[in-house]
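Everything on this sheet refers to the single structure shown next.
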Amino acid sequence: MKRITIAITGLPNAGKTSFTQRLLTGSYISFLPTLGVDVEFAKYKNYPLQIWDMGGQIAFRKHIWENYVKQSSAIIYVFDASDLSNLEEGVEWFWKVLSWTEKKGIPILFLANKRDLVQDRESIMEKVVSSFRLNELGSSDSLHSFRFFFVSVKTGAYIDDAMNWLILKQFVETKKILSEIVSFDMFIVGEDFYAHYHDNSDKRNQINEIIENYKSKWIQSKKFPLILVEEMIYGEYKVLYLSLANKAILLTTKTETDERTTLTNMLENIIVPLPLSDCNKAYELLDYTIKELNKVFLTTISASLSCDIIMEELIKQM
């Protein structure tokens, strides 16, 4: 099996070496900043990796990074989300790294690290995403496969999800190993409206009862819980309901699918402006969400979508 070569980049003290050691040992270890490049060979879930853990000091960035990045088959960029004082410098070097990979179109994994030290996570995620212009990498004309994860190397939060995505991209993307989405529903709370986006596939008729139950629950709640994950088996289908603040997703898949953690992380990283005053703006969020789901499930959500708009005046009358 061909070994993945991964260049781990990022500014000093972002957690690059601690991340590498977590992959190697499964534990968190604090390190002094790396000098030069450390080369590590490891297996992650039996997939062979060659890791170039590169020092983040300016001298190494200027004279070492480019050579290793150009030889890599995947890039991981680690940023300390608990300290935004060097945000501009982080953005500059992130896009410089991408410029060295333009012709290869290799997977880019962005890790916003130290979520365990961040209090207002949604606000910080929005700041990082907008400052680094990460939405540009999610566009259909982007040369790269790209994912963003808000992680904690110290606690291990979402490290497995991030690496699973990278492994999926490198080794098994062409194989349909995950179940197809049977139905898709997305709920968004706006300033004076609720929007329900849903596919129009024939398959959803088979689980229409559950969909209607959740739709009623969503309308009556008027606001989603901070975070809620519910899972139920309905015949041969699994229904996953995930909500966070002013957005929620209802997915129906085949029962063998086990992607709850990945979907929860994905939903957490989808930023919705508060308040969302323009219903039409929600379509941009919907488009981004569908692209992310298609990456997770290696399938295509029906392009035929409908939107039910429930205005605040109607809600008050219920």
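Of everything listed in (1) crowded, with 18+ Cβ neighbours inside 10 Å; (2) in contact (Cβ under 8 Å) with a residue 40 or more places away in the chain, the single unmet condition for residue 106 is (2). Residues in segment 158-180: is at least one of a type in the set (S, T, N, Q), surrounded by fewer than 17 Cβ atoms within 10 Å (Cβ to Cβ) and modelled with pLDDT under 75? Checking segment 158-180: at least one residue is of a type in the set (S, T, N, Q), surrounded by fewer than 17 Cβ atoms within 10 Å (Cβ to Cβ) and modelled with pLDDT under 75. Against the criterion of being at pLDDT below 75, over 19 Å from the mean Cα position of the chain (by Cα) and crowded, with 20+ Cβ neighbours inside 10 Å, residue 190 qualifies.
Quick check: anything in segment 135-149 modelled with pLDDT of 90 or more, farther than 13 Å from residue 77 by Cα and among the charged types (D, E, K, R)? Even if it seems obvious, please write down each step before you answer.
If we filter segment 135-149 for residues that are modelled with pLDDT of 90 or more, which is where we start, we get 148-149.
With the extra rule that they be farther than 13 Å from residue 77 by Cα, the set shrinks to none.
No: zero hits.
Output yes when any residue across segment 31-39 is at pLDDT below 95, small (Gly, Ala, Ser) and either under 23 Å from the mean Cα position of the chain (by Cα) or part of a loop (DSSP other than H, G, I, E, B) (or both), and no when none is. There is at least one residue in segment 31-39 that is at pLDDT below 95, small (Gly, Ala, Ser) and either under 23 Å from the mean Cα position of the chain (by Cα) or part of a loop (DSSP other than H, G, I, E, B) (or both). Take residue 8 and tell me if it is touching a strand residue (DSSP E or B) at 6+ places or on another chain (Cβ under 6 Å), touching a residue at least 60 places away in the same chain (Cβ under 8 Å) and either buried (at least 20 other Cβ atoms within 10 Å of the Cβ) or not in a loop (DSSP other than H, G, I, E, B) (or both). So residue 8 fits the description; yes. Within segment 25-43, identify whether any single residue is touching a strand residue (DSSP E or B) at 6+ places or on another chain (Cβ under 9 Å), surrounded by 20 or more Cβ atoms within 10 Å (Cβ to Cβ), farther than 12 Å from residue 153 by Cα and among the small types (Gly, Ala, Ser), and answer yes or no. No, the conditions are met nowhere in segment 25-43. Every condition in (1) modelled with pLDDT under 95; (2) crowded, with 21+ Cβ neighbours inside 10 Å holds for residue 111 except the one numbered (1).
The one condition from (1) buried (at least 16 other Cβ atoms within 10 Å of the Cβ); (2) at positive phi that residue 19 does not meet is (2). Just so you know, in segment 193-208 the residues that are of a type outside the set (Asp, Glu) and assigned to a strand (DSSP E or B) include one that is modelled with the lowest pLDDT, and it is 193. Evaluating residue 119 against the criteria (1) surrounded by fewer than 20 Cβ atoms within 10 Å (Cβ to Cβ); (2) touching a strand residue (DSSP E or B) at 6+ places or on another chain (Cβ under 7 Å) leaves one unmet condition, (2). The set of residues from segment 56-74 being under 24 Å from residue 2 (Cβ atoms) and in a helix (DSSP H, G or I) comprises 65, 66, 67, 68, 69, 70, 71.
The values are calculated or read from the model by the stated rules, or taken from the named source; none is laboratory data. For clarity, every value in this text was computed on a predicted model and none was experimentally measured. Positions of Cβ are backbone-derived with ideal geometry, glycine not excepted, and every protein chain shown enters the neighbour counts.
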